[in-house]
Structures are given as structure tokens and as C-alpha cells.
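Here's the structure we're looking at; comments come further down.
What follows draws every value from the coordinates through simple rules; no lab data is involved. Source: prediction; values computed, not measured. Counting neighbours? That spans all protein chains shown, and the Cβs are built from the backbone with ideal geometry, glycine included.
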Amino acid sequence: MPEPLTTDEFVAIVCAREIRAHDKVGVGVVSPVATAAALLAQRLHAPQARYDVPRLARSYFRGSHEMTGYANQGRVDVFFLSAAQVDARASINLEYVGDSASPKKRFFGAFAAPVYYATMRRIILFLPEHSPRVFVERVDRKTAVACSAAGFRRNGGIHRIVTPRAVLAYDASDQRLTLVSAHPGETIESVQAATGFQLRPDRSFGTTPLPTADELRLMRGEVRDVMAGLFPGWGSSPKTAE
């Protein structure tokens, strides 16, 4: 019987598809899904891309300071981020939920996210949950915003959001998120029900393609072997589309 496809595996595969042949790619310090995505892209369709993946011996950037310098110059193509909350205008919250004086929950904090959100050419948000408590009409704290005031220079910004249910994009023309694709087993209606604001389907809306044979073979072979040493137990989340 085939091994069920897990949510982590599927989200990582979809994220990997966003990496292009000659990209410079950055991954956060504790980002197993993004790490798996980078490893898969490196072994499949983007071997010439240059990667900064913490915990791996070989890295294109010599530390976070150099990567930030490259980002400020608009020289980093892809950076993977996650968030505790995302709102209709693609603002993200990485700090706390609730009132600032007495928050219900605190998270790791902003770190370089406010800078990277404006300086990385393409931000890919990967989220472990797609629900109304994550996708809210307005975030409790704006850690980083997708649109800046007039005169503020941006090198790029939010490009895709990949969740266990769907792929979203940011439409700069009306400063709102749109629904690019729903994963197999999901519909526009089911994704909307799990989103705390009105979500408009993109013009090219469709179903997220299932993993190819090569994607699955590498994810469960070479990528899994590397991930086992970096993040024990990675990929064991509940199954998703088959």
C-alpha cells in the first residue's frame, strides 16, 4: 500500500516549485518545510540556484549579515517565511496574539522579517494551518506589511502563500490576497470557510497539481535522508491529498 502523502510533504513540494533555475534562495533558521523545499528544488529542477540553508555545511551567504546586505541590494530572489497571523492585505504577525499589554500568546518575534518582507524579491509564506484564527481580517500586530507608504523603496515582497489547503497570491493592484489554487479535495467554498476574510479567486484559479513521480521519489529518498539528520520526525504530519 502506498505511503500516505503528508501535509508537510505536500506543502514543501508546492513551495519547491516556486524556486527558479538561477535564484538566490534564503531559508530561516528553524524552517523544516522550507528546508525540505530547498533540498527538493536543488535536486530536481534548480541545481544551479544558490541556497542559504541553516544547519547545512554549504551555504551561498556567509552568515545572516551578508544575506541581509544582499537583500537590501535586491539580490536575494526567494526567502521563505512563516507567520502566526496573516490578514486580507497580506500583513503578517510574528509577535503576539491579543492585547499588547496582556497577550494571549507570544511567538518568537520579528527578527529581520520587517526588512526582508520589503527587500526580498519574492517572499514565500508557508503556513502549517489554514483557519480563521490564522487568516484574519486584521492582524493583532503588524510585524511586516505588503504595501509601503509612497516614497518607500521595495525590492519585491510577498509572492505566494502556501498552506495545507491552498495557494494564495498578493494582488498589488487592489492590495488584497487572491486564491490561486485549492489543493486536491478542497474547493473555493471550503478554502473560503477556513479564511477569516473575503477571498477572491485569481483569474487563473485551478487545482494545485499533485506531486509528480520525481517529486515524490526525491522527497521520500534523498530529501528525507538529509532531513532525518536535521529535523527528526519531519514529515509525520497528518496525511493530505493522495
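The table for this structure:
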item: Residue exposure sequence - GLU186, GLU66, GLU9 - by fewest surrounding Cβ within 10 Å; result: GLU66, GLU186, GLU9
item: Length gained when the stretch GLU66-GLN48 is fully extended (0.36 nm per residue, less Cα-Cα span); result: 4.5 nm
item: Axial C-alpha extent at least 30 Å, average Kyte-Doolittle at least -0.5 - helices from the chain (DSSP); result: none
item: Region 119-242 - charge dipole about Cα centre, Lys and Arg +1 at Cβ, Asp and Glu -1, debye rounded to 20; result: 500
item: Computed over the chain: relative contact order in percent, which uses C-alpha pairs under 8 Å that are six or more apart; result: 22
item: Mean residue ellipticity (222 nm) of the chain, computed from DSSP H runs ≥ 4 via -39,500 (n - 2.57), nearest 500; result: -6500 deg cm²/dmol
item: For region 154-164, 3J(HN,Hα) per residue [Karplus equation, 6.51 cos²θ - 1.76 cosθ + 1.60, θ = phi - 60°, Hz, x = Gly/Pro]; result: 10, 7, x, x, 5, 10, 9, 10, 10, 10, x
item: Pairs of alpha carbons in region 7-230 whose separation is greater than 29 Å (percent); result: 24
item: Per-residue Cβ neighbour rank within 10 angstrom, fewest leading, ASP8, ASP174, ASP23; result: ASP174, ASP23, ASP8
item: Check: the chain dipole with +1 on Lys, Arg Cβ and -1 on Asp, Glu Cβ, in debye; result: 680
item: Ranking of TYR96, TYR116 by count of other Cβ atoms within 10 Å, fewest first; result: TYR96, TYR116
item: Sites ALA101 and THR207, calculated FRET efficiency, Cβ-Cβ separation with R0 35 Å, nearest 0.05; result: 0.20
